[in-house]
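> So that we are looking at the same thing, I have put the structure below in structure tokens.
Please treat every number below as a calculation from the coordinates, not as lab data. This one's a predicted model, so the numbers in the text were calculated from it and none came from an experiment. Cβ coordinates were reconstructed from backbone atoms using ideal geometry, including for glycine residues, and neighbour counts include every protein chain displayed.
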């Protein structure tokens, strides 16, 4: 038997993420009184840059009835940010409405992988060269919609942004109908992941898959000259598809666009793992 030294904080929410109960440790974690917490959405206390990813994971939990683990930041009552590791699980007595049980521990700020800026610069250079070639020779002669979409999704992943098919269409200079068709093909090949219910639409958030991200890193890395560390490969276990719930790490995005939503992602593939976490 082992005894956990780190104190746990817990709260219970409904399916809309409204807090219905919280223990004293959770109040201490947020440094807020109970009356300020109960009845409000837990996302209200989540750092703005981490909310988009958090909301997507909650939507997936409600669809698939499967929990997840996430490392994110809470905004405390005094305005300071506190990193927390959380485990989120749906619970039910089989009779009443389903609830969501959230357990938290205080976490330290994640370590940043040193060559992220280099990898991002390489991807940006490739995208810029391709765009310049298209401008000089014409879109009707030079163009690779699938490749261009993957390049922009690769950059978005490195910068902590999510894109939609509508964003991709504007970035690669293709019609929305053509872009949707290519996104559908990329999804079938498991090169992109789309958050959607039903048919693919122009507003569906999407991101590059681990397989495609690793491949794009191999493709764009030779365009740079700085020493290279395989950050995506190092995070492969974090974004592998585990049989249990994934662990997600959210953080500040490097940049924003009208189509962007913040979310740094990476991690260990098991919520109970104490392995090193990295940011990509």
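> Which value in nm describes the separation of the simple spin-label points at residue 93 and residue 121, placed 7 Å from the Cα toward the beta carbon?
6.0 nm
> Here's a follow-up. What's the extension gain from residue 23 to residue 8 if we count 0.36 nm per residue and subtract their Cα-Cα distance?
Numbers: separation 15, 0.36 × 15 = 5.40 nm, distance 0.96 nm.
That works out to 4.4 nm of additional length.
> Report the extension gain between residue 76 and residue 109 in nm, rounded to one decimal, defined as 0.36 nm multiplied by the number of residues separating them, less their alpha carbon distance.
Full extension of this stretch gives 10.3 nm more.
> With a ≥ b ≥ c taken as the square roots of the eigenvalues of the C-alpha gyration tensor of the stretch 80-204, please select rounded if a/c is under 1.5 and otherwise prolate if a/b is larger than b/c or oblate if it is not?
On the way: a/c = 3.79, a/b = 1.58, b/c = 2.39.
Oblate, because a/c is 1.5 or more while a/b does not exceed b/c.
> Between residue 146 and residue 129, what is 0.36 nm times their sequence separation minus the Cα-Cα distance? Round to one decimal in nm.
Details: separation 17, 0.36 × 17 = 6.12 nm, distance 1.61 nm.
Stretched out fully, the residue 146 to residue 129 stretch lengthens by 4.5 nm.
> How would you rank 197-204, 49-56, highest first, on the average number of other Cβ atoms within 10 Å across their residues? Walk me through the numbers before you get to the answer.
Numbers: 197-204: 11.6, 49-56: 20.9.
Packing order, densest peptide first, comes out as 49-56, 197-204.
> Which shape class, rounded, prolate or oblate, goes with the stretch 1-109 when its Cα gyration tensor gives a ≥ b ≥ c as root eigenvalues, a/c under 1.5 marks rounded, and past that a/b bigger than b/c marks prolate? Write down the numbers at each step before the final one.
Details: a/c = 1.36, a/b = 1.25, b/c = 1.09.
Rounded is the answer for the stretch 1-109, as its axis ratio a/c remains below 1.5.
> With label points built 7 Å along Cα→Cβ from the Cα atoms of residue 195 and residue 137, find their separation and express it in nm.
The modelled label-to-label distance comes out at 3.7 nm.
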